Amino acid sequence: MSETGLPRGLWGKHLVLGVTGSIAGYKAVGVLRALRRDGAAVSVVMTQAATKFVAPLTFEVLSGSRVVTDLFEAHADMPHLAIPERADAVLVAPATANFLAKAALGLADDVLSTMLLNVRCPIIVAPAMDGDMWSHPTVIQHVQALRDRGVVVLDPEVGPLASGQIAQGRLSAESRIVDAVYAALTPQRDWEGQRVLVSAGPTQEAIDPVRFISNHSSGKMGYAIAEAARDRGAEVILVTGPCALTPPPGVTTVRVNTASEMADALSRHFPSATVLIMAAAVADFRPKTLVGQKLKKQGHSEMVLELEATPDILTMLSARRTSQVVVGFAAETEQLLSHARDKLRGKGLDLIVANDVTQGGGGFGSDNNAVVILSATGEQRVLGLMPKRRVADEILDAVRDCGLRAPRRASLVE
């Protein structure tokens, strides 16, 4: 964070927000507000189709500048040339299938598509369309062509669409779009040569073939750390328990279910890692006996379940370390700092990330988090509520500052 309290990279930056003719156009209003809140000056360029969904006046009021909608209405200003000249990045959100086709093929029949041919800054595109359109071979080719040219194209999310189907095509979450802009404006490769081992998600400890013990972990924090480490140049191995998230591209993913499976997977990769970040919410206990058949309710008014402790993965790996930096997490409901410090000392960690899971707006399942990062040498970083992707970068900064061994150059082996 900067001294002003604004995220690094957006304060003083000039962005162009392109809006195309999608039903998701109203979400671009929230994106604009977020970019402005984070300190950026934003010029909005709308296609004629976009103006059918949201009035340009809405964007003019929120951006504080004139919205450009027509290539010919102000030819003396030549907006398709003037706007990109001072742009630090261009974001198109939402982007329709029609826009993707024009951008991939270099067509220039409106102010937005013409402007893109004059852009020499980073371009981020957030598509939104029906699921069958997103999976169409032509759209896939156009997306790949844009990515091959260095355009950042965010995969749309799975969810309810305007057509009524549940499919991949929803505009990416506002926080994810803003984080993509932030990453494009502040490229860092300070983790090149490092091999980061990240655990994420819950574990499931079986009671019988259909029931298990687990917890509310969504895996979002661990996945955000894996993505951030990858973006900053590290080789990343993500060991993940069962969750509904799609692993970040370019990350080696190992899927597990139980605490024992997670312990085995982490043990295999730990010797070659330079950093372990244990973000998974591993079950502390498991049923002592696995019942071979489904337990029936009939004839029973209560059930006593005998539990035994699962492996303490973090303590085990910390004791085996050679020069690795080891980071743990403490999800607490009371006495946050006291319990976190006890865990930091007791497990022999370099850093621990503590968060109060009862705090509103953060914790399990949320896209945001508020944490305190404690180090073995006594430093303390208090991070207010922010997107988990930004928390991930703060954690990586803290790990870097506490000392990494010399970068390794070996290639990643699964």
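The values are calculated or read from the model by the stated rules, or taken from the named source; none is laboratory data. Here the structure is a predicted model, which means the values were calculated and not measured. In this analysis, Cβ positions are derived from the backbone assuming ideal geometry, glycine residues included, and neighbour counts consider all displayed protein chains.
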Wholly within segment 14-94, which helices (runs of 4 or more DSSP H) include no fewer than the required count, namely at least 1 residues that are at pLDDT below 90? 27-37, 79-85
Scan segment 331-354 for residues that are of a type outside the set (Val, Ile, Thr), in contact (Cβ under 8 Å) with a residue 24 or more places away in the chain and in a loop (DSSP other than H, G, I, E, B) and jot them down. Lys347, Gly348, Leu349, Asp350
Is it the case that some residue within segment 355-370 is surrounded by fewer than 21 Cβ atoms within 10 Å (Cβ to Cβ), outside any strand (DSSP E or B), in contact with a helix residue (DSSP H, G or I) (Cβ under 9 Å, 6 or more places away or on another chain) and among the polar types (S, T, N, Q)? yes
Considering only segment 124-141, I want to know if a residue exists there that is of a type in the set (Val, Ile, Thr) and closer than 28 Å to Arg255 by Cβ. yes
What are the pairs with Cβ atoms under 8 angstrom where one residue, in segment 142-153, is touching a residue at least 24 places away in the same chain (Cβ under 8 Å) and the other, located anywhere, is of a type outside the set (A, V, I, L, M) and assigned to a helix (DSSP H, G or I)? Sequence gap at least six, or different chains. Val153/Arg147
Being closer than 12 Å to Val19 by Cα and surrounded by 24 or more Cβ atoms within 10 Å (Cβ to Cβ) is the filter here, so list the residues in segment 86-112 that pass it. Val90, Leu91, Val92, Ala93, Pro94, Ala95, Phe99, Leu112
For Ala283, state whether it is over 25 Å from Arg381 (Cα atoms), in contact (Cβ under 8 Å) with a residue 24 or more places away in the chain and surrounded by fewer than 15 Cβ atoms within 10 Å (Cβ to Cβ). no
Restricting attention to strands (runs of 3 or more DSSP E) lying wholly within segment 141-230, give those where 1 or more residues are surrounded by fewer than 20 Cβ atoms within 10 Å (Cβ to Cβ) and charged (D, E, K, R). 157-160
